[in-house]
Structures are given as structure tokens and as C-alpha cells.
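The values are calculated or read from the model by the stated rules, or taken from the named source; none is laboratory data. Please read all numbers here as calculations on a predicted model, not as lab measurements. FYI the Cβ positions are ideal-geometry reconstructions off the backbone, even for glycines, and counts take in every protein chain you see. To get the accessible areas, we keep the full protein, side chains included, count just its heavy atoms, and leave off ligands, DNA and RNA. Shrake-Rupley method; radii C 1.70, N 1.55, O 1.52, S 1.80 Å.
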Amino acid sequence: MKAWFAIPLWKRVIAALILGVIVGYIWGPGAESIKIIGDVFIDFIKMLIVPLIFFSVVSGIAAIGDVGRLGAVGWRAILLFVLTGQVAVWLGLGLGTWFEPGVGIDTSGLPLAEISEPQAFDWRTMLRSMIPVSPVAVMADVRVLPLIVFSVLVGIGILLARREEDEGEGSSGAVATVARIFDGGALLFQKITILVMELTPFGVFALMAWVVGTLGLDAVAALARLVAMNYLGCLLIIGIMYVGILKFVAKVSITGFFRGMVDAIAVAYSTASSSATLPVTLRCTQRNLGVSKPTSSFVVSLGSTINMDGTAMYLGLATLFAAQMFNVDLTMGDYLIVALLATFGSIGAAGIPGAGLVMMGGIFVAVQVPLEAIAFVAGVDRIMDMMRTATNVTGDATVTVTTASMLGELDKHELASADDV
Ligand code: ASP
């Protein structure tokens, strides 16, 4: 038992992945009999969709409350977070559309839950479906779009009420307590997610054996294409978007930046957790990149929860992959919904391993892609999670350095001297 936990989770997952492929290849369709283990794993992930989105989105929006206090820094950072996030989402959708990683697998033999006919895009229907008429029903039915609308409203409500409370004399502090409850709830469900992630090696083993046993090696090739697209997307985000911003907006040395950040990037890649990497990212931005303590603590911590470009790109890409796999036609309206959900999904995703996978389940439900698709993608999620986390962390540092540089408070000498270390 001790020996099992002594091996880092990602190594256990990769071993399970390889073993699953081998067992599925040898066992063939009979591997279906162990799919139940994978189903249980996915059920636990589904369990997390509603509470994790609700608590994390509310506490993420409420965290913006400090933005006003940090004025110039806050707004610049948020603007950069939003802009880079949008480029990332559409990059994921673009890669998925052009390269069609999910086309060519014959899934016709798989038993699937009924999917209703795709409906023509009608903005009136879409608008109304976004309104959480009954928040309880929305949660019970796992309807992600209205759930996000509701969570954003609760977050905004907290922001407004807290401002009033801060200004008012003799305030009871009740709203601040509510905000803390959401922070606590988000933390609590993050812990539960980490627990559920301990099931990953078993789930991955069973799912890969089933996928390969029933669909053959074609499925492995398709999954390999998805993983390759994910790495390509992340590398484009880092190599073109971040490098471009650092060079032309922040005007800093690129090698200095990456040398200064190498520790954080390595920790992010191996832990697949932006939150766990936070202390290292803070140290790198302050010590090696020359950003002042107040600016870096604020921008890096806010970024580690709401700025996840790797995750945003992945959510778009994975949804297209799953839709292609199951021949679900996505309309332009669906693309817009996916883009919107991927944006909020990346804001709402906690900085922990597997958070993107939970959000992905939510998006599948919204655009009527069979939830069974999670079972396919889950098998290779960890390898992709590592890369998107490294991207997320690099993005946080890029925005931090750029904001500091825009305000003329960056110690460029320190950053350049990272060249010599
Ligand atoms: N693991 C990622 C992070 O911590 C989130 C995700 O699953 O995409 O940044």
C-alpha cells in the first residue's frame, strides 16, 4: 500500500494506460467485462461536475473583488487573461476542425444512450435555455450553461453586496462570510477531486482495455492524434502567443523569461496542478523575473484559478474530437456554446489534476455529445493534463510580467540576469 502511494500518480497512470492497451489487445471484445471499473470512475467525475462548477465559479468571480483595490494592475491583468483565453479557445476549435482527430473510428457497434436529433440553431431557444429558471432543477439535470449563468450571478451579487458592506458602517460581515463559505466549498470539492483522481489508474486501465478490446488499435491511433493535437496547441500558445506578448508588449528577454521559469514549468508538468505549483511560480516571478511582491502575488494567484489557456484550448479540442467520434454534427451555434463554456470552464476549473476533465463532461452534456466519450478521453487525459498545466502556469507568469512591464515596475535587469544562471 505504502509502496503504491510512493509512486507518483502520473507514473501509475501511464503504467495503467500501457497495461490497459496490452490487455485490451490480447483480450479483445471480452474486455468489456471490466468496463464497469471505468464506469465507476466516470460516475465519480460526473458527481463532481455540478458542485465543483458552482463553488469554483462563484469563488473565482468573487475573488475579482480585490481587483478594484489593485486598480491599474487588476484591470490590465484581467484584460490579458480574457484576450489570451479567447485566442486559446478558438485555437482548440480550429485545430479540431482542421485536423479532425476523431474522424475514422467506427463507433457504430457501441451501445449508447439515446441522443436527440440535432436541432437547427435558434437564438431564441438558446437564450431561454441559458436562464436558470429553477436553479435546483438546473443542478439536478446537470445543465451546465444555465448553471454557469447562475454561478456568475451569485458571484456578482457577492461582489456588489460586499462593496456595500465594506462601505457601510456597523456592517454585520454576513456577505464576507458567505464569500468565505464559497471559498471553503471550492477548496473542499478540490480535495474530493484529488481523492477521486486516485482512482485514475484503475479507471484508465479498464477504459483503455475496453476501448482497445472493442474498437481495436484504430482507437489508439485516434487518441494518439488527440494527444498530439493537444501538445501542438499548447506549444503554439506558448511559442507564438506568449513569446509574442513577452517580446512585443512586455519587451523582455525571452530566454531570460524561460530560464527564470524553468522550475515552475517543470513542477507544473509533473504535478498537473497549477495550485500545487503556485509557491514555485511566485518564487520564480519574484526572484528570477523581477516582478514586485504585491503585483506577483496578486496576478499569479488570481491567474492560477481563472487563467487557464491550456485548459481552454483543450476543452474546445476535446469536444470536437468526441463529436467527430460519435458523428454528432455541431452547428455554428454549438461552436459558440462550446467557446462560451470553454471560457467559463477554464475560469471555473480548479488548478488541480483532472479539473479540465470534469469541465469537459459538462460541455458534452450541453452540446449533446454522448457522455460515453469521456470514457475514451479519460484514458489519455493525464498526459494531456500535464502539458496544459505547464501552459497555464507559463500563461500566468506571462501576464504577470507583462502587467508589471506595462506599469514600468519590472526590474528588467533581474530578468535579464536570469540569462546567466
Ligand atoms: N490540471 C490543470 C491545472 O491545474 C487544470 C486542468 O485539468 O485543465 O491547471
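Work through the residues other than residue 210 whose Cβ is under 13 Å from its Cβ and net out their charges, Lys, Arg +1 and Asp, Glu -1.
Taking every Cβ under 13 Å from that of residue 210, the sum is -2.
Report residue 386's accessible area, 1.4 Å probe, all protein chains in place, as a number in Å² to the nearest 10.
Only protein atoms counted, so the area is about 10 Å².
Taking the alpha-carbon distance from residue 35 and a cut-off under 21 Å, which lysines remain once sequence neighbours fewer than 8 residues away in the same chain are dropped?
46
Per 0.36 nm of contour for each residue apart, how much would the distance between residue 283 and residue 27 grow if the chain were fully extended, relative to their Cα-Cα spacing?
Residue separation times 0.36 nm, minus the Cα-Cα distance, leaves 87.2 nm.
Within a Cβ distance under 11 Å of residue 174, other residues only, what is the Lys/Arg minus Asp/Glu net charge?
After counting each charged neighbour, the total is +1.
Hey, what number do you get for the chain at 222 nm if only DSSP H runs of n ≥ 4 count, each worth -39500 (n - 2.57), divided across all residues, to the nearest 500?
Taking each H run of at least 4 residues, the total per residue is -25000 deg cm²/dmol.
Run the 1.4 Å probe and let me know the accessible area of residue 319, rounded to the nearest 10 Å².
0
Ignoring any ligand, DNA or RNA, what whole percent of the accessible area of region 1-102 comes from carbon and sulfur when the probe is 1.4 angstrom?
75
Testing the spin-label approximation: label points 7 Å from Cα along Cα→Cβ at residue 97 and residue 5. State their distance in nm.
Here the modelled spin labels are 4.8 nm apart.
So, R0 is 22 Å and r is the distance between the beta-carbons of residue 263 and residue 293; what FRET efficiency does that work out to, to 0.05?
0.75
Under a point spin-label approximation (7 Å from Cα along Cα-to-Cβ), what is the residue 164-residue 140 distance to one decimal in nm?
About 3.1 nm separates the two model spin labels.
Angle between the Cα long axis of helix 293-306 and the longest principal axis of the chain, 0 to 90 degrees, nearest 10?
20
Longest segment of the chain with no GluC sites (Glu not before Pro) in a DSSP loop having at most 11 other Cβ atoms within 10 Å?
That would be 170-421.
Where only protein heavy atoms count, and the probe is 1.4 Å, what is the accessible area per residue for region 120-184 in Å²?
64
What full-extension length gain, to one decimal in nm, is calculated for residue 251 and residue 86 as 0.36 nm per residue of separation minus the Cα-Cα distance?
57.2 nm
How much of residue 14 can a 1.4 Å solvent probe reach, expressed as accessible area in Å² and rounded to 10?
50
At R0 = 25 Å, how high is the FRET efficiency between residue 64 and residue 199 if r is their beta carbon distance? Nearest 0.05 is fine.
0.15
Order 277, 255, most accessible first, counting only protein heavy atoms with a 1.4 angstrom probe.
From most exposed to least exposed: 255, 277.
Which value does Rg/Rh take for the chain over its C-alpha atoms, Rh per Kirkwood?
0.98
Sorted by accessible area with a 1.4 angstrom probe, largest first, how do 162, 382, 128 fall?
128, 162, 382
Using Cα pairs under 8 angstrom and six or more residues apart, how large is the relative contact order of the chain, in percent?
32
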